[in-house]
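For reference, the structure discussed in these notes is given below.
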Amino acid sequence: MMWRSALVSSVLILVFSVVVIASTGNLEYVGSILDLTTSYYSQVVWLSYDPIPGLTEPTYSGTPAYASVTLAERSFALALDRDGDSGKLYVDADGSKALARVDWIQQLWDGSYMGSVSFQLPASDGNSTRAYRLALVWTPATPMVITYFRDNRQEGQIELGGVTYRIAIIDENSDGMFDDLDHDLLLIDIDQDSELLASSDSHERYWLDAPFNIDGTVYSATSVSRNGSRIVIDKSDRWVETNAPLTVGSPAPHFSVVDADGERLSLSSLQGKIIVLDFWASWCAPCLYELPYVEAIANDYADRGVVVIGIDSDRSEGAFRSAVSYFGLTYRQVFDGVDGKISSLYRVSGIPMTYLIDRDGIIRGKGLRGDDLKQAVASSLASVGAADAAMSQEAILSFTVSPAEIALSPASTTLLQLSIDNVSIHPADDIAVTLVEAEGFSLDPAEADLEVLQPFSKGMLELRLTSSPDVPIGTDEIALQVIYTYCIDISCLQIVDEVPVTVVVGRSGGTTTTKRELPAWLVMSIVGGLVGVGVALWRLTGAHLPLYIALCTVIVAGFVYGVILGQHEQAQGIAAVLCTSCVGIDEVRGEAPPLSDSAISALAGLEKSIDLIVFYAPWCRTCPYAESMVREMAERTDLLSYSFVNVDTNRELAESNGVIRSKRTIVPAIVRVDTGDIIFGIEDLEARLLKVLAGES
Amino acid sequence: MRLSLIRRTSQGFGLFLALFGFTGIGMTHIIFPGLHCYACPLSVTICPIGLMQNLVILGTVPYFWIGAIVAYGLAAGRGFCGWFCPFGMLNDLLSFNKTRIIRSLSYSKYAVLVGTLVSAWAFADTIFCKLCPAASIEASIPYFFMGIARVNRPFIIHMISLGVVLAGMALIARFWCRYLCPMGGILSLFNRVSFLHLKLDSSRCSSCDACTAVCPMGLKPHEEYDSHNCIKCGKCITTCSLGALSLSLLPQLPLLRRHQRKGCVPDESG
């Protein structure tokens with residue numbers, strides 16, 4: 001009895017869990033796939049002159065050749081009545097052994113014939129049948145081969161994460177069965193545009209056994225019925241990134257790689273230019289045929305802001321370099337190799353492949369060749385405008401201008417400081433600051449750069465703002481434009497921010513006092529020279545006095561100048577805040593890993609709203625881990641809200657929440673506001689955080 | 001005997017200042033003239049090596065730090081190691097075996113110093129702190145008992161580092177100070193010009209090597225009284241029955257003429 005009740009319980013739990021957690025979609029047969037934009041894998045059967053016994057055959061006008069197609073583990077015979085370059089096709093579509101003629105059409109471009117046949121496969125009940133359409137193709141050039149591919153799909157809807165999506169499954173290997181997950185396809189209308197995009201580079205097309213990411217949640221199909229009428233999709237343990245759309249009008253995925261000349265190449269550095277990406281390889285004859293067109297575009301339009309980048313998929317770099325040399329290619333080249341990063345990012349399944357990207361980083365054309373490509377480049381040159389597909393995103397960099405209000409007089413220069421705070425979990429690269437065109441004002445130099453700003457760190461740029469002699473008197477609003485690259489792994493975005501600046505132009509003597517640091521090289525040269533002279537005199541004459549004077553000068557100057565610059569406060573701030581990784585309490589870790597299943601379940605079971613405060617320091621290297629884990633947990637439930645507090649600037653809040661121990665602020669610290677429970681550090685953070693959320697701490 | 005008592009008192013004062021946080025005051029702006037972890041729950045002063053790494057990471061030109069370090073160096077050089085540093089005091093307590101210093105190895109503390117700087121710059125992280133035995137005692141262990149640190153890989157690395165250094169100290173007097181301390185390396189640069197310095201009256205020196213036998217740094221004080229390794233602890237002074245060695249707190253003389261020759265010289269007066 002025990003084992004029986006255990007078995008029943010297990011089955012009930014299994015059934016219950018499937019019902020509760022997984023989503024099920026009921027799908028219906030649609031006898032055509034040609035209305036979807038798609039590519040396909042064709043199957044091949046060889047024809048034979050040996051008759052198939054038991055068939056009821058028509059009267060042939062030529063010599064018949066026979067073959068059979070296996071669908072749902074059942075054979076269906078066909079015969080080709082060939083007469084030279086023409087042929088008639090007969091198929092036993094219903095399994096009655098009687099061959100019936102198929103109406104097919106002759107393709108114009110290569111003389112091939114194509115027809116669509118609806119086969120009758122056994123239904124799941126064993127008594128009835130179900131329709132299954134195949135497209136069959138015969139080419140006179142290969143007379144003993146019939147190729148075929150699926151021409152049907154199962155389509156319906158499924159609810160995932162509270163959202164209903166249109167989906168379809170495709171029996172990609174055309175075997176009449178939808179339950180072989182590694183050979184069949186799932187289409188899901190992720191962008192909810194009512195269109196199922198089935199092309200090979202689609203962001204809505206996945207193998208049925210592959211996980212896919214929708215809005216940060218990863219799913220995968222767990223079972224499909226053989227006839228494709230039912231699919232079960234569940235959350236997956238495996239993490240995959242969201243596939244960016246590659247349709248025309250979408251932002252081009254950014255990448256940052258080293259090109260064939262050893263120089264860093266990132267799309268972000270080509271801001272404002274029209275970019276042609278040409279995916280090619282030396283073994284690909286059609287690609288080589290395209291090279292002259294691509295080279296011509298690179299040469300003809302180089303001075304008009306067009307950049308051509310060749311992305312090579314050769315198996316060896318030697319072959320790539322030889323080809324570049326042999327064909328005399330002058331435009332920038334990247335050796336990407338087989339299944340390279342850029343090819344994967346752009347999901348290139350066949351070459352030649354081209355992408356045309358406009359000045360705003362939007363894909364304006366793909367798969368263009370020859371004159372079509374040149375014409376599209378010319379059209380892009382003619383059109384100027386902002387991207388029509390701006391991506392919305394959370395703040396990554398925050399900016400503070402000091403002084404908040406800048407005073408200056410006509411024909412004068414003043415110094416302003418732009419403080420940049422990276423409040424995100426990934427670094428910001430290639431930060432460039434320019435002045436948005438403002439009459440009467442300019443920056444000197446016109447562009448200020450910051451190479452990289454690490455996560456949760458701060459940077460500062462000093463800018464010299466100059467006013468022209470004829471600048472109007474009064475208050476003016478100008479803006480700084482900040483362009484930077486934000487990369488997550490190889491995938492990068494270029495982001496443009498504007499920082500407003502208030503300028504007050506007075507009639508005379510407009511002065512803005514901004515604390516300015518002397519050039520470090522100058523100060524250190526003076527210090528080094530002073531001490532060097534002191535040491536030299538000491539060593540040469542044995543007299544200590546010059547060295548004492550030099551060292552005493554360094555002491556006084558160091559203290560005084562350091563205090564003026566606030567370095568004593570900086571030192572105290574560093575020592576007063578304990579980052580748990582800094583002295584080896586925790587390991588340095590970056591972003592937190594995906595939550596475990598138990599954590600996700602526990603979060604789903606939260607019953608009341610909980611506020612968390614994550615205290616961090618900008619330079620703390622474990623803080624991003626705590627922040628990303630809290631953020632990820634909050635994404636799993638609406639009942640969890642959080643805020644990030646910089647302890648460097650909000651010590652009072654840290655003190656009032658008990659984050660300061662022994663007069664030392666310890667970060668990262670996570671505080672549950674309603675109970676006051678505190679977690680320090682990141683060791684075993686997920687489990688400890690769940691305990692706090694469950695009120696067990 | 002009297003000098004030894006003064007030194008112990010001074011070391012006690014160093015420890016007292018290092019742990020001044022027991023009074024309830026918070027972190028001050030003072031950079032500690034020795035190796036003392038600012039993460040210590042009772043610390044009110046800033047570790048110069050920890051701060052140095054953070055300033056390298058932040059790309060700050062460390063004017064304030066330079067002012068403090070040069071001030072300490074000029075005042076006493078490595079005298080702080082012998083008279084003030086709490087970790088130096090721990091070295092003292094385990095100084096059972098006063099072997100001769102291996103001169104070539106004594107430069108390894110500069111390698112540690114350079115390695116500390118380079119690793120901070122290269123990895124943007126305080127790598128030295130993760131290995132520092134002072135941090136093991138003053139941060140890892142206290143925070144473990146406060147429930148903030150746990151037995152994890154960084155903790156185990158700290159304990160291994162501490163164990164190795166303690167074993168080294170027990171086998172070789174002032175092992176850490178001799179070969180590994182980056183702060184000692186910085187202060188040693190000022191040792192020959194610092195106000196606190198060891199003086200030798202060569203006319204009284206008989207080269208009996210009594211001072212050598214007691215030197216915790218394994219030096220020959222009557223020959224190397226201005227060595228960059230000398231921590232100016234004064235043990236050689238109390239041992240020298242002829243009074244050839246002494247400590248001075250005044251700027252070194254001569255200020256304006258050629259400095260004294262190094263080592264014991266024959267008494268020219270006969």
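The values are calculated or read from the model by the stated rules, or taken from the named source; none is laboratory data. Since the model is a prediction, treat every value here as computed from it, not as a measurement. Counting neighbours? That spans all protein chains shown, and the Cβs are built from the backbone with ideal geometry, glycine included. When the accessible area is computed, the model is the full protein with side chains, heavy atoms only, and any ligands, DNA or RNA have been set aside. Shrake-Rupley method; radii C 1.70, N 1.55, O 1.52, S 1.80 Å.
Here are some notes:
- Going by accessible surface with a 1.4 Å probe and the largest first, A:Arg589, A:Arg153 read A:Arg589, A:Arg153.
- The chymotrypsin sites (Phe, Trp or Tyr not before Pro) found in the stretch A:93-192 that occupy coil by DSSP, while having at most 14 further C-beta atoms within 10 Å, are A:Trp109.
- Candidate residues A:Asp180, A:Asp261: accessible-area rank, largest first, probe 1.4 Å: A:Asp261, A:Asp180
- When the Cα positions of A:Ala198, A:Val645, A:Ala281 are compared along the charge dipole of chain A, A:Val645 comes out farthest toward the positive end, with charges on each C-beta of Lys, Arg, Asp and Glu.
- Computed from Cα atoms, the angle from the helix A:2-21 axis to the main principal axis of chain A rounds to 70 degrees.
- About the centre of its Cα atoms, the stretch A:35-150 shows a dipole size close to 160 debye [charges on the beta carbon of Lys, Arg (+1) and Asp, Glu (-1) only; nearest 20 debye].
- Angle of helix A:285-300 to the longest C-alpha principal axis of chain A, folded into 0 to 90 degrees and rounded to 10: 40°.
- Size descriptor, Kirkwood hydrodynamic radius, that averages inverse alpha-carbon separations across the stretch A:244-316, Å: 13.7 Å
- Electrostatic dipole magnitude of the stretch A:256-382 [Cβ: Lys, Arg +1; Asp, Glu -1; Cα centre; debye, to 20]: 280 debye
- Calculated mean residue ellipticity, 222 nm, chain A: -7000 deg cm²/dmol, from DSSP H runs (n ≥ 4) at -39500 (n - 2.57) each, averaged per residue and rounded to 500.
- Across chain A, Cα pairs under 8 Å and at least six residues apart give a relative contact order of 7 percent.
- Accessible-area value, A:Ser419, 1.4 Å probe, nucleic acids and ligands omitted, Å²: 40 Å²
- Compared with the dominant principal axis of the Cα atoms in chain A, helix A:520-541 is inclined by about 50°.
- Shape call, the stretch A:310-360: gyration tensor on alpha carbons, a/c limit 1.5: oblate
- Direction-averaged projected area, Cα convex hull, the protein assembly as shown: 57.9 nm², rounded to one decimal.
- Ordered by solvent-accessible area of protein heavy atoms (1.4 Å probe), largest first, the residues A:Thr485, B:Thr60 come out as B:Thr60, A:Thr485.
- Taking a ≥ b ≥ c as the square roots of the eigenvalues of the alpha-carbon gyration tensor, the stretch A:579-693 is classed oblate because a/c is 1.5 or more while a/b is no larger than b/c.
- Whole-angstrom gap from the stretch A:270-345 to the stretch A:638-665, using each part's C-alpha centre: 52 Å
- Average beta carbon contacts from partner chains per residue of B:66-79, 10 Å cutoff: 4
- Three-way shape label, the stretch B:2-188, alpha-carbon gyration tensor, a/c 1.5: rounded
- Tally of Lys pairs whose C-alpha atoms are under 20 Å apart, taken over chain A, 8 or more apart or cross-chain: 7
- The charge dipole of the protein assembly as shown, taken about its Cα centre with unit charges on the Cβ atoms of Lys, Arg (+1), Asp and Glu (-1) only, comes to about 6900 debye.
- Relative contact order computed over the stretch A:237-309 (Cα-Cα under 8 Å; 6+ residues apart), in percent: 25 percent
- The stretch A:256-382, relative contact order in percent, only Cα pairs under 8 angstrom and at least six apart counted: 31 percent
- Coil-residue GluC sites (Glu not before Pro) of the stretch A:647-697, DSSP, other Cβ within 10 Å capped at 11: A:Glu696
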